[in-house]
Amino acid sequence: MTYPYSKHVASNKSVLNPEQRSEDISELKSQEFDLLIIGGGVVGSGIALDAAARGLKVALVESDDFAAGTSSRSSKLIHGGLRYLEQFDFKLVREALHEREMMITDQAPHLVKPLSFVYPLHKKYLDRIYVGAGLMLYDLLRGKLRAVPWHRYITFGEMRNEVRSLNPELVTGGLVYFDAQVDDARHTVTVARTAKDHGAYIVTGATVRQITRTPEGITGAVVEVDGENINVKSKVVIAAAGIWNEELYEQFGIKPGYKIKMSKGVHIILPKDAIDAKTGIIIKTSLSVLFIIPWGNEWLLGTTDTNYTGDREYPVAESSDVDYIINEANKVLLPKIRREQILSIYAGLRPLVSPAKDSSTTKISREHTVDHPLKGFVSIAGGKYTTYRVMAADAVDAAIKDIKRSVPKSSTKSIPLLGAAGYRNLVKQIPGLAQSYSVSTACVERMLNRYGSLISDIFQMIAKDADLANEIVPGAGYIKAEVLYAVTHEGARSLVDVMARRLRIAMEHSSHGLGVSREIAEMIAPILGWSATDIHREVLGYEGFIATEMAAMR
Ligand SMILES: Cc1cc2nc3c(=O)[nH]c(=O)nc-3n(C[C@H](O)[C@H](O)[C@H](O)COP(=O)(O)OP(=O)(O)OC[C@H]3O[C@@H](n4cnc5c(N)ncnc54)[C@H](O)[C@@H]3O)c2cc1C
């Protein structure tokens, strides 16, 4: 077999690719680790980074792909959570706002971007006093040192200019406030790569089947990789499997210190021209709030909040979820949005945690729960994307109690994610870079917001093969080099990984890239060692994935 693109398989220590994966599988077989982490969502990846940065020997195993669970299916907001103010949970809001600030300024300025929202006012004075007081508190909880502007009032006229699509007969003005936004799946893989860069061993497509133990405590776990069961030795095992944690407790025969309730949240994606607005919109609904969020050339609308007891693997939106979002949005939008405008839909499951009645092992905050029921086993669940770094530090703090040596405190506050260093300088060079690599300035800008200073890897690929600067789906904004990069550097192992999580063609483009899925599979096949049969299977798998996501439209 020839490997035409193998020249792009880099070997620096932060890459995730087939070669790295097989090396790390060998390490799983031969080494003893301080920590074995179950789950490659944002929390598990954050734990791997936190622990590796403290000098611990860390392995992370993920049964599917990075962010394949809840971490690719959020509202993609890095926020304090305005609604927690109504519950007087000021500590939580302050903590999340602090995290938001650090991400925008130092940790991930390439990935986490400030975003404005308008809160439409219906009753001019009453709403303004009540909501304004809440937003003032929200701003004050962050304090003076801030990366985003303070909230402000806008008049009816300014409102019409900012958000033309709000029904003028219903709104009297608005309040503009700021939070931030992130591509969650891309952020998670960047956290995982940063963990790798700090020395973590990382294997996706690896499922923990059982925990191993002696009367003294946990000794590791049995991990199934590529059909083989490996006994991975570790001083501590940390379950960071989100909604799957409860299942793991049952499998391991360990009494959980908390219960997980799954709550389904659905989003729909609309084209930019469906809503005329220069900012995001937040609408209060009878149940919660609805966000209308700018997302590149699209709008992301959500979310719902319904009890869920179905399959964890494939949470699917139902027609009634879609109706709810459209109906709530149409209470204020004019022209009204229509079902046939929907480009795509996704559903995610929130792991909502509550304490088990008779547990003495849990340390519960409103946000997340760390459970340490026996020596060598820690689990963490709940919380939200925004506070993953704090959650990770808390989990590692609990785990090191079972490691008999002195371990430093968490240092992730001052660790920028890969791609952050040098990002701001590159932003100043966009026109020059576009000219040098024969791509548009829009393309460079977009890639900088996805890769930061790692964009140099992509440029190196283009320098070797100019064809890689061409778009893969006309109008979708992704170039061929990014497809290859997903498998040579970012650990993608399937067509779904590439199309749905490294690139976002699955959710952003009306065709979902189905017309080019074979071409993309053929491009990555040599790197992943796929045969013609494998390519066929992957294309069918991707078609099935899209059919499931879009089921609510039938
Ligand atoms: C609709 C919705 C909207 C949201 N919006 C926001 C938002 O705007 N802002 C915000 O801050 N938060 C938001 N959240 C919350 C946030 O997305 C989650 O808190 C976060 O993503 C959870 O991450 P996690 O790593 O704990 O779980 P997950 O991302 O689910 O990761 C768990 C991983 O464990 C793996 N796994 C399971 N079993 C095993 C096993 N046996 N072996 C190996 N691996 C295994 C799974 O494959 C999975 O990848 C939202 C959530 C939802 C559902």
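Restricting to region 116-132, and then to whatever is over 31 Å from the mean Cα position of the chain (by Cα) and in a helix (DSSP H, G or I), can you tell me which residue is nearest to F88 (Cα to Cα)?
Per the stated criteria, the residue is Y130.
Has region 249-262 got any residue that is in a helix (DSSP H, G or I), within 11 Å of the ligand (Cβ to nearest atom) and touching a residue at least 60 places away in the same chain (Cβ under 8 Å)?
Checked region 249-262: at least one residue is in a helix (DSSP H, G or I), within 11 Å of the ligand (Cβ to nearest atom) and touching a residue at least 60 places away in the same chain (Cβ under 8 Å).
Working carefully through the options P109, P149, find the one that is assigned to a loop (DSSP other than H, G, I, E, B), at pLDDT 90 or above and touching a strand residue (DSSP E or B) at 6+ places or on another chain (Cβ under 7 Å).
P149
For a quick check of your reading of the model, give me the residue pairs whose first member lies in region 74-95 and is closer than 17 Å to Y130 by Cα and modelled with pLDDT under 85, whose second is within 11 Å of the ligand (Cβ to nearest atom) and in a helix (DSSP H, G or I), with beta-carbon atoms closer than 7 Å and at least 6 apart or on different chains.
What qualifies is G81/A96.
When the residues of region 181-209 are narrowed to those that are surrounded by fewer than 24 Cβ atoms within 10 Å (Cβ to Cβ) and farther than 22 Å from A500 by Cβ, which ends up nearest to the ligand (Cβ to nearest atom)?
Once the filter is applied, the top-ranked residue is R209.
Considering only region 395-412, state which residues are touching a strand residue (DSSP E or B) at 6+ places or on another chain (Cβ under 7 Å) and surrounded by 22 or more Cβ atoms within 10 Å (Cβ to Cβ).
The answer is A395, A399.
Restrict the check to region 104-119 and report whether at least one residue is basic (K, R) and within 12 Å of the ligand (Cβ to nearest atom).
Scanning region 104-119 turns up no residue that is basic (K, R) and within 12 Å of the ligand (Cβ to nearest atom).
Which condition breaks for I243 when tested against (1) more than 14 Å from the ligand (Cβ to nearest atom); (2) buried (at least 22 other Cβ atoms within 10 Å of the Cβ); (3) part of a helix (DSSP H, G or I)?
The number of the failed condition is (1).
Go through D465, D534 for me and flag whichever is under 22 Å from S436 (Cβ atoms) and surrounded by fewer than 21 Cβ atoms within 10 Å (Cβ to Cβ).
Unique residue meeting the criteria: D465.
Which one of these is assigned by TED's automatic domain parsing to the domain that holds Y314 and in contact (Cβ under 8 Å) with a residue 60 or more places away in the chain: V42, V15, V112, V61?
Sole residue among the options that is assigned by TED's automatic domain parsing to the domain that holds Y314 and in contact (Cβ under 8 Å) with a residue 60 or more places away in the chain: V112.
Pick out, from region 272-377, the strands (runs of 3 or more DSSP E) lying fully within it that include 2 or more residues that are among the β-branched types (V, I, T).
Once the strands (runs of 3 or more DSSP E) in region 272-377 are filtered for at least 2 residues that are among the β-branched types (V, I, T), what remains is 280-284, 289-295, 344-355, 362-364, 368-374.
Under the condition of being more than 6 Å from the ligand (Cβ to nearest atom) and closer than 21 Å to S494 by Cβ, which residue from region 38-66 is nearest to the chain's Cα centre (by Cα)?
The qualifying residue nearest to the chain's Cα centre (by Cα) is F66.
Modelled with pLDDT of 95 or more, in contact with a His (Cβ under 8 Å, 6 or more places away or on another chain), away from the ligand (no atom under 16 Å from the Cβ) and of a type outside the set (A, V, I, L, M): does that describe G432?
Considered against the rule, which asks whether it is modelled with pLDDT of 95 or more, in contact with a His (Cβ under 8 Å, 6 or more places away or on another chain), away from the ligand (no atom under 16 Å from the Cβ) and of a type outside the set (A, V, I, L, M), G432 comes out as no.
So N167 clears everything in (1) crowded, with 16+ Cβ neighbours inside 10 Å; (2) polar (S, T, N, Q); (3) in the same structural domain as G280 (by TED's automatic domain parsing) except one condition, right? Which one?
Against the list (1) crowded, with 16+ Cβ neighbours inside 10 Å; (2) polar (S, T, N, Q); (3) in the same structural domain as G280 (by TED's automatic domain parsing), N167 comes up short only on (1).
Can we say T533 is under 30 Å from I325 (Cβ atoms) and assigned to a helix (DSSP H, G or I)?
So T533 does not fit the description; no.
Looking for whichever is at pLDDT 95 or above and in a loop (DSSP other than H, G, I, E, B) here; the options are A500, A481, A525, A492. Which one fits?
Of A500, A481, A525, A492, the one residue that is at pLDDT 95 or above and in a loop (DSSP other than H, G, I, E, B) is A492.
Restricting to region 194-230, give me the number of residues that are part of a strand (DSSP E or B) and either of a type in the set (A, V, I, L, M, F, W, C) or touching a residue at least 40 places away in the same chain (Cβ under 8 Å) (or both).
Number satisfying all stated conditions: 20.
In region 115-145, which residues are surrounded by fewer than 16 Cβ atoms within 10 Å (Cβ to Cβ) and of a type outside the set (A, V, I, L, M, F, W, C)?
Selection gives H122, K123, K124, Y125, Y130, G143, K144.
For region 221-240, which residues satisfy the criterion of being aliphatic (A, V, I, L, M), within 11 Å of the ligand (Cβ to nearest atom) and surrounded by fewer than 22 Cβ atoms within 10 Å (Cβ to Cβ)?
Passing the criteria: V222, V225.
What pairs come out if I take residues in region 523-539 that are assigned by TED's automatic domain parsing to the domain that holds A500 and pair them with residues that are assigned to a helix (DSSP H, G or I) and among the acidic types (D, E) whose C-beta lies under 8 Å away, six or more apart or interchain?
Listed by first residue and then by second, the contacts come to A525/D534; L528/D534; W530/E538; I535/E522.
Answer yes or no: is there a residue in region 79-86 that is more than 12 Å from the ligand (Cβ to nearest atom), over 30 Å from L248 (Cα atoms), in contact with an Asp or Glu (Cβ under 8 Å, 6 or more places away or on another chain) and outside any loop (DSSP other than H, G, I, E, B).
no
Within region 14-46, which residues are among the β-branched types (V, I, T) and either under 18 Å from S406 (Cα atoms) or surrounded by fewer than 24 Cβ atoms within 10 Å (Cβ to Cβ) (or both)?
Selection gives V15, I25.
The values are calculated or read from the model by the stated rules, or taken from the named source; none is laboratory data. Quantities reported herein were computed from a predicted structural model and do not represent experimental measurements. In this analysis, Cβ positions are derived from the backbone assuming ideal geometry, glycine residues included, and neighbour counts consider all displayed protein chains.
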